[in-house]
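Input: a single structure, listed below in structure tokens.
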Amino acid sequence: MRQPHNLDATAGTFEIQNFIPAVDLIKPEGATHATMTSASLGIDFDSGNSALVQSAPLNFQIDSTTQQLELTATPPTGLPFVYQFLLIEFFQEVNAVQYPLNNGSYNVLFILDLS
């Protein structure tokens, strides 16, 4: 991504202001749409307990429309380590159906924060 983001790790919110998908995303050839999902993963390495909370997936067309993106994955409580992630997946629309691209090498999972 070429656009700065705001992350509030305490609330689990991920935001991008003035996001233009065709400009701000590095995308594979043939991709017409992308989906972003954020997640908060709490882990206690001593006890082995963990909890995962995911945001609702946000799907959008890769075009020149300016958008405001916001994803929320409220972090689990009571676990000593909490990771914040962002997943970006790419799709190609054919006859009004979005298909995952065969080459998944552009799909990415970012570690945004560890607290």
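Quick notes on this structure:
- Extreme residue, surrounded by the most Cβ atoms within 10 Å (Cβ to Cβ), among residues of the stretch 45-61 that are touching a Ser or Thr at 6+ places or on another chain (Cβ under 7 Å) and under 25 Å from P76 (Cα atoms): S55
- Those strands (runs of 3 or more DSSP E) lying entirely in the stretch 38-115 with at least 3 residues touching a strand residue (DSSP E or B) at 6+ places or on another chain (Cβ under 6 Å) and either in contact (Cβ under 8 Å) with a residue 12 or more places away in the chain or polar (S, T, N, Q) (or both): 50-54, 58-61, 67-72, 81-94, 108-114
- Just one of (1) at pLDDT 95 or above; (2) closer than 17 Å to Q3 by Cα; (3) surrounded by 15 or more Cβ atoms within 10 Å (Cβ to Cβ) fails for Q84. It is (2).
- For the stretch 71-81, filtering for residues that are surrounded by 17 or more Cβ atoms within 10 Å (Cβ to Cβ), under 24 Å from Q17 (Cβ atoms) and not aliphatic (A, V, I, L, M) leaves 1.
- Residue match in the stretch 19-27 (condition: free of Cβ contacts under 8 Å to residues at least 24 places away in the same chain and assigned to a strand (DSSP E or B)): no
The values are calculated or read from the model by the stated rules, or taken from the named source; none is laboratory data. Please read these numbers as outputs of a predicted model, since none were measured by experiment. As a convention, Cβ positions derive from the backbone with ideal geometry for all residues, glycine included, and neighbour counts pool all protein chains shown.
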